[in-house]
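One structure below.
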């Protein structure tokens, strides 16, 4: 519990530093896009699903040491979808990161069945 408190406090402090640098109104405006119907294009829906899936895999694994193998099926699918959908934002980091996640997902799935 102590580690949780320290990590949460430190992350809030670091986030506040970055948000102060950017400007709280800019950050609030950025987050407000989630509430706009126009924001939820096919690409942004795929991106949200992909990030959510990866968070659901990473957080239990890093914090609790729990690997939920079947979630990698969803990460495989969402990573492939995100590379396909990236024709709107063809960023090398986005394509490369999701290419790596396709391999990582396949490694976990194959290791589970071998």
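Read the figures in this text as sums done on the coordinates, not as results from a lab. These numbers come from a predicted model, not from an experiment. Cβ coordinates were reconstructed from backbone atoms using ideal geometry, including for glycine residues, and neighbour counts include every protein chain displayed.
The table for this structure:
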{"read-out": "Mean ellipticity per residue at 222 nm, deg cm²/dmol - from DSSP H runs of n ≥ 4 across the chain, formula -39500 (n - 2.57)", "value": "-25000 deg cm²/dmol"}
{"read-out": "Rel. contact order, % - alpha carbon contacts under 8 angstrom, at least six apart, the chain", "value": "22 percent"}
{"read-out": "Pairs of Cα atoms farther than 26 Å apart, the chain, %", "value": "38 percent"}
{"read-out": "Which of 31, 72 has the fewest Cβ neighbours within 10 Å, and the rest in rising order", "value": "31, 72"}
{"read-out": "Order of 25, 79 - criterion: other Cβ atoms within 10 Å of each residue's Cβ, fewest first", "value": "25, 79"}
